[in-house]
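Please read the structure below before turning to the comments.
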Amino acid sequence: MWFDVVMILILLICLITDLKNRKIYNAVLLPGFLLSLVFHTIVSGWAGLGSSLLGALIGILILFIPFAMGGMGAGDVKLLGLIGAWKGSMFVFYTSIYMALVGGVIAIAILLFQKGWLQRFKGFAYFFAFLRQGKVQSEWIQTSARKTTYPYGLAIVAGAFCSLWFSFLEVM
């Protein structure tokens, strides 16, 4: 129980710094990662260490391609890796599913509520109409729509909280 509380505190710190400064600091991630390795090793021995490392690897691999393509920062990747180290491979897998759903909802909300949404949707409609004809005309999509970003740590933390909530309900 206390282990989950510590993870929640780490996630909240990362969320606050990501929302405020658009950064997730290694000074928070590294001690959390080391604590998870030590805890799992003490509780379950080498098997616990291996499970923790496997969860971290899966978490990192899930976001590696979006990171490599420039779609997110390294802090986001390391945060999901920390969640994997903390709770294991299945937990980080479920977290990534919830994270993607929450991230999609946030992205749609940003597109809907940002100024010029009607022109953006016309641009997307023209883009897909030309795409069906085999032509790629990306100039129909406004440059501002392509450059709109948000701190993805919000989606990662929300995904982890959803996973925690559903695992809590499963226990009850």
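Could you give the dipole magnitude of the chain about its Cα centre, charging the beta-carbon of Lys and Arg +1 and that of Asp and Glu -1, in debye to the nearest 20?
So the magnitude is around 780 debye.
If contacts are Cα pairs under 8 angstrom and at least 6 residues apart, what is the relative contact order of the chain in percent?
After rounding, I find 24 percent.
Whole number in Å², please: accessible area per residue of the stretch 31-142, 1.4 Å probe, ligands, DNA and RNA not counted.
Accessible area per residue: 59 Å².
Expressed as a whole percentage, what fraction of the accessible surface of the chain belongs to carbon and sulfur atoms when a 1.4 Å probe is rolled over the protein heavy atoms?
73
Return one number: the angle in degrees, 0 to 90 and rounded to the nearest 10, between the long axis of the Cα atoms of helix 74-87 and the longest principal axis of the Cα atoms of the chain.
40
Can you match mean projected area of the Cα convex hull in nm² to one of these, [x] 15.1; [y] 11.9; [z] 9.3, based on a calculation from the structure here?
[y]
Is the shape of the stretch 55-109 best called rounded, prolate or oblate, per the rule: a/c under 1.5 gives rounded, else a/b larger than b/c gives prolate, else oblate, with a ≥ b ≥ c the square roots of the Cα gyration tensor eigenvalues?
Here the stretch 55-109 falls in the oblate category.
Eight or more residues apart or on different chains, and alpha-carbon atoms under 22 Å: count the Lys pairs in the chain matching that.
8
Using the Karplus curve 6.51 cos²θ - 1.76 cosθ + 1.60 with θ = phi - 60°, what ³J(HN,Hα) values do you get for each residue of the stretch 160-172, in whole Hz, with x for Gly and Pro?
5, 5, 4, 5, 4, 4, 5, 5, 5, 5, 5, 5, 6
Let me have the relative contact order for the stretch 1-66, percent, based on Cα pairs under 8 Å that are six or more residues apart.
18
Between F121 and I42, 0.36 nm times their residue separation minus their Cα-Cα distance comes to what?
Once the chain is fully extended between F121 and I42, it gains 23.0 nm.
Taking only DSSP H segments of four or more residues, each worth -39500 (n - 2.57), what value at 222 nm results for the chain once the sum is divided by all its residues, to the nearest 500 deg cm²/dmol? Walk me through the intermediate numbers first.
Details: 7 runs with 142 residues, N = 172.
Rounded to the nearest 500, it is -28500 deg cm²/dmol.
What is the distance in Å between the Cα centres of the stretch 97-126 and the stretch 21-76?
29
Within the chain, what is the longest stretch that has no trypsin sites (Lys or Arg not before Pro) placed in a DSSP loop and near at most 16 other beta-carbon atoms within 10 Å?
Values: sites that count: R22, K23, K115, K135.
So the longest stretch without any such site is 24-114.
From the residues L35, I24, G48, which one has its Cα farthest along the dipole of the stretch 1-110 in the positive direction, the dipole being from +1 and -1 charges on Cβ of Lys/Arg and Asp/Glu about the Cα centre?
I24
Enumerate the calculated ³J(HN,Hα) couplings along the stretch 48-63 in order (Karplus 6.51 cos²θ - 1.76 cosθ + 1.60, θ = phi - 60°), each rounded to whole Hz, writing x wherever the residue is Gly or Pro.
x, 4, x, 5, 5, 5, 5, x, 5, 4, 5, x, 5, 5, 4, 9
Mind listing the long-range amide H neighbours of K23? Cut-off is under 5 Å, sequence gap 5 or more, other chains count too, H placed in the peptide plane at 1.01 Å from N.
The answer is D18.
The values are calculated or read from the model by the stated rules, or taken from the named source; none is laboratory data. Note that the structure is a prediction, hence the values are computed from the model and not measured. Neighbour counts run over all protein chains shown; Cβ positions are idealised from the backbone, glycine included. Quick note on the areas: whole protein, heavy atoms, side chains included, nothing else; ligands and nucleic acids left out. Shrake-Rupley method; radii C 1.70, N 1.55, O 1.52, S 1.80 Å.
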